Amino acid sequence: MLIARVRLPNKPLVVLTVGECIYIGDAHGVLYVLNAPYTSAVAVFQSVGPISALVFSDNRLYYGNWDGDVGVVDGNKINFGSHIVKCMAVHEDLIYASVGDFVYALDFNLVVVNAYKVEHKVLCMSVFEGVMYCGMGVPFVARIDDNITTIGKSAHETSIFCMCGEYTGSADGIVMRQDYSDLERHVVVYKGKEWIRSMYSQYLFSEGKNIVADVDGIRYRLGTGLKNLYSHEADVVGVTVVESKIISIGLDYMYYVYDIGFGFEMSEEEAREISELMGS
């Protein structure tokens, strides 16, 4: 059930769940926090440029902006020139930031540990089975270990905008489950017509103005089918979950709050048992 549509002063660009809080960064560099019931946003920080990336680790919130800054909210920052910080991720006590033609690895004090030159701009990053993977501005996938290695060209037709584990979303409107050991062994799990800009999981992502979801998959990890859940008036650029609520942000200046009503949450063992019963 859609319970709130809240207009922000500026276009929101990025959203992140931290515990029971939601953080939203906007095109004027304002960072907002939302607390339950998530129907109002409070400005808590001002960046010098539009906030394009957020991650949380080591009890600190980190941001990236369009001016090439990576910083700690209300703390220090480091600048990587005039390129936009496309995305950020945390893995093994390091913060990874994609800026221009490089992916930088920083410690929690923002000291650069490594700088990886990339063949194609990295638009998204995600950890799967202990390895950091990157989706690129052409449909290539890379892996970061001691270096950055381009695995190969995916079956997407164009840029990979978002990743969640082994799942990738692209401007071609397709969500795929990748086999990173052999990209030809991909599986198409959703095929739409608009850009897949953001992804929370294989059960929740955006396609153009629409939020596409499998509510049972979000609730209980037992998917029963994806469908359009609701729509913004302009493209959705971020979607996340907090407690029993989906929070989405769009270029219509809005964030939406949709209650999926968990009711209860099953353990993995309970989910397996029910899955076996359903399959019997």
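The values are calculated or read from the model by the stated rules, or taken from the named source; none is laboratory data. As the structure is a prediction and not an experimental result, all values here were calculated from the model. Positions of Cβ are backbone-derived with ideal geometry, glycine not excepted, and every protein chain shown enters the neighbour counts.
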What number goes with the only condition from (1) surrounded by fewer than 24 Cβ atoms within 10 Å (Cβ to Cβ); (2) of a type outside the set (A, V, I, L, M, F, W, C); (3) outside any loop (DSSP other than H, G, I, E, B); (4) under 13 Å from the mean Cα position of the chain (by Cα) that E184 does not pass?
(4)
Pick from Y63, Y38: which is under 22 Å from S198 (Cβ atoms), modelled with pLDDT of 95 or more and not in a strand (DSSP E or B)?
Y38
Return yes when V175 is within 16 Å of the chain's Cα centre (by Cα), among the hydrophobic types (A, V, I, L, M, F, W, C) and either at pLDDT 95 or above or exposed (fewer than 15 other Cβ atoms within 10 Å of the Cβ) (or both) and no when it is not.
yes
For the stretch 82-117, the count of residues that are more than 19 Å from G25 (Cβ to Cβ), in contact with a strand residue (DSSP E or B) (Cβ under 6 Å, 6 or more places away or on another chain) and of a type in the set (V, I, T) equals 3
So if I check each of Y104, Y133, Y116, Y96, which one is surrounded by 20 or more Cβ atoms within 10 Å (Cβ to Cβ), at pLDDT 95 or above and over 21 Å from V15 (Cα atoms)?
Y104
For the stretch 212-228, state whether one or more residues are surrounded by fewer than 16 Cβ atoms within 10 Å (Cβ to Cβ), at pLDDT 95 or above, touching a strand residue (DSSP E or B) at 6+ places or on another chain (Cβ under 8 Å) and in a loop (DSSP other than H, G, I, E, B).
no
Scan the stretch 69-82 and report the pairs whose first residue is free of Cβ contacts under 8 Å to residues at least 40 places away in the same chain and whose second residue is aliphatic (A, V, I, L, M) and assigned to a strand (DSSP E or B), with Cβ atoms within less than 6 Å and a gap of 6+ or a chain change.
I78/V70; F80/V99
Against the definition (out of contact with any Phe, Trp or Tyr (no Cβ under 7 Å at 6 or more places or on another chain), modelled with pLDDT of 95 or more and in a strand (DSSP E or B)), how does G71 come out, yes or no?
no
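Considering only residues that are in contact with a helix residue (DSSP H, G or I) (Cβ under 9 Å, 6 or more places away or on another chain) and not small (G, A, S), look in the stretch 141-172 and name the one that is surrounded by the fewest Cβ atoms within 10 Å (Cβ to Cβ).
Checking each candidate, the answer is K153.
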Residue in the stretch 9-18 that is of a type in the set (K, R), within 20 Å of the chain's Cα centre (by Cα) and either crowded, with 22+ Cβ neighbours inside 10 Å or in a strand (DSSP E or B) (or both) present:
no
Looking at (1) at pLDDT 95 or above; (2) over 18 Å from I51 (Cα atoms); (3) of a type in the set (G, A, S), which one does S267 not meet, given that it meets all the others?
(1)
Residue check, D179 without any contact (Cβ under 8 Å) to a residue 12 or more places away in the chain, farther than 26 Å from K77 by Cβ and in a loop (DSSP other than H, G, I, E, B):
no
Being surrounded by fewer than 22 Cβ atoms within 10 Å (Cβ to Cβ), touching a strand residue (DSSP E or B) at 6+ places or on another chain (Cβ under 9 Å), outside any strand (DSSP E or B) and not small (G, A, S) is true for just one of V48, V6. Which residue is that?
V48
Which residue out of S231, S244, S248 is surrounded by fewer than 20 Cβ atoms within 10 Å (Cβ to Cβ), under 19 Å from L13 (Cα atoms) and polar (S, T, N, Q)?
S231
